[in-house]
Each structure stands twice: as structure tokens, then as C-alpha cells.
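One structure below.
The values are calculated or read from the model by the stated rules, or taken from the named source; none is laboratory data. Note that this is a predicted model, so its numbers are computed, not measured. Virtual Cβ from ideal backbone geometry, glycine too; neighbours counted across all protein chains shown. Keep in mind that these areas ignore ligands, DNA and RNA; they rest on the heavy atoms of the full protein, side chains included. Shrake-Rupley method; radii C 1.70, N 1.55, O 1.52, S 1.80 Å.
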Amino acid sequence: MLGDTRVRRWEAEFDLVVMTGHAFQALVGDEEIRGCLRAVREALRPGGRFVFEVRNPAARAWERWTPERAYETVAADGTPVRVTHEVLDGGPRDGRLRFTETYDSDRWPAPRVSHSVLRFLDPGSLTGFLAAAGLAVVEQYGDWDGRPPAPAAPEIITVATPAA
């Protein structure tokens, strides 16, 4: 079931809640994070799991988000598209990173630019937000290969459950 915790509430209806694609990082304000986590906690049955990933701020992934590191992809209609990123403000400020993602194709009259802000939380802050919402970390991984968390690991993949 696809749902938005800002507009819908569930009560102990799910064994698993998942946020993918680094979506958790789009929650940039403390109250957004708290509200989402409270809603997730309410939606989980006892013993249920909340699984999500964030980029590890210690890995400093944004330093590779430069126009020089463009990549090519293909749109759903077969159009070749060049994608570039540009970090604004020289990097994160108060854990928040502003950047643009530009999509360009010779077949389009003009590039399409997406302006975004992501929140980078260190492991301690992330655990603190979870605990405040009544969730406890039961597993964490540093990448999709299942390796343990480490200072330079690219991801913080978290499995949390309602706290006892």
C-alpha cells in the first residue's frame, strides 16, 4: 500500500513499512521527521519493522555531485538524456544540502531543472529521532551488500521496530 503519513493515519495495521530511494532525506525539518516517525510507529504492529536508507554524511557523497560527472540515461519514450548535478552553498549547512539536478536532451527546447534540499543526519541524530518516536534500531548496514556500518560507508540502512 502506498501512503503519505502527512494525510493518512494507520493504527497497528502493518508488519512492514518501507521508505526507499533515500526518501527519508527529503524530510528536512525536525517536525517533518518527528511527524513521519510517529506515524510509522503508529502504523506498525507489535514486532513490525520499519526499513529505510539515508546517505551517510561522513561519506560526503555530494562532493561527487558535480557537473563534470554527468551521466547519460534514456527517458521512458527513448529520448537520450544527460543528467548533471550541482551542489549549492558549497555543501551542507546545518545538515541540509541544496542542489540542482538538470536533465538535458538535444530533442528538448530547454533543459529541465529540479531544485532540491536533502537532510543528512549522522547515525547518532538518526537514532535519537527514532527513539523519540518510540522506535528502536534492530539492524543497520553500511551498504546494500550487507556490510556493517562504518565511518566511510555510503549508506545507513536501518531496520527499526517499535520499542518495548
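Here are some notes:
- Yes/no for E101 being assigned to a strand (DSSP E or B), acidic (D, E), farther than 30 Å from L16 by Cα and in contact with a Pro (Cβ under 9 Å, 6 or more places away or on another chain): no
- Positions within the stretch 105-138 being in a strand (DSSP E or B) and surrounded by fewer than 16 Cβ atoms within 10 Å (Cβ to Cβ), in sequence order: R112, V113, S114, H115, S116, V117, A136, V138
- A Cβ distance below 7 Å, combined with a sequence gap of six or more or placement on separate chains, defines the contacts here; from the stretch 135-155, residues that are hydrophobic (A, V, I, L, M, F, W, C) reach residues that are open to solvent by 80 Å² or more (accessible area, probe 1.4 Å) and modelled with pLDDT of 95 or more in the pairs A153/R147.
- Filtering the stretch 80-90 for residues that are farther than 22 Å from R119 by Cβ and either in contact with a Cys (Cβ under 7 Å, 6 or more places away or on another chain) or basic (K, R) (or both) leaves a non-empty set.
- Residue in the stretch 150-158 that is among the hydroxyl-bearing types (S, T, Y), touching a helix residue (DSSP H, G or I) at 6+ places or on another chain (Cβ under 8 Å) and closer than 20 Å to A26 by Cβ present: yes
- Among residues of the stretch 1-16 being among the aliphatic types (A, V, I, L, M) and out of contact with any helix residue (DSSP H, G or I) (no Cβ under 9 Å at 6 or more places or on another chain), the one that is least open to solvent (accessible area, probe 1.4 Å) is L16.
- Residue within the stretch 66-80 that is surrounded by 14 or more Cβ atoms within 10 Å (Cβ to Cβ) and either assigned to a strand (DSSP E or B) or not β-branched (V, I, T) (or both) present: no
- Scan the stretch 87-98 for residues that are part of a loop (DSSP other than H, G, I, E, B), surrounded by fewer than 16 Cβ atoms within 10 Å (Cβ to Cβ) and either touching a helix residue (DSSP H, G or I) at 6+ places or on another chain (Cβ under 9 Å) or basic (K, R) (or both) and the total you get is 2.
- Every residue from the stretch 141-164 that is part of a strand (DSSP E or B) and either open to solvent by less than 50 Å² (accessible area, probe 1.4 Å) or at pLDDT below 95 (or both): E155, I156, I157, T158, V159, A160, T161, P162
- Considering the stretch 17-53, and only residues there that are assigned to a strand (DSSP E or B) and without any contact (Cβ under 8 Å) to a residue 60 or more places away in the chain, the residue that is most open to solvent (accessible area, probe 1.4 Å) turns out to be R45.
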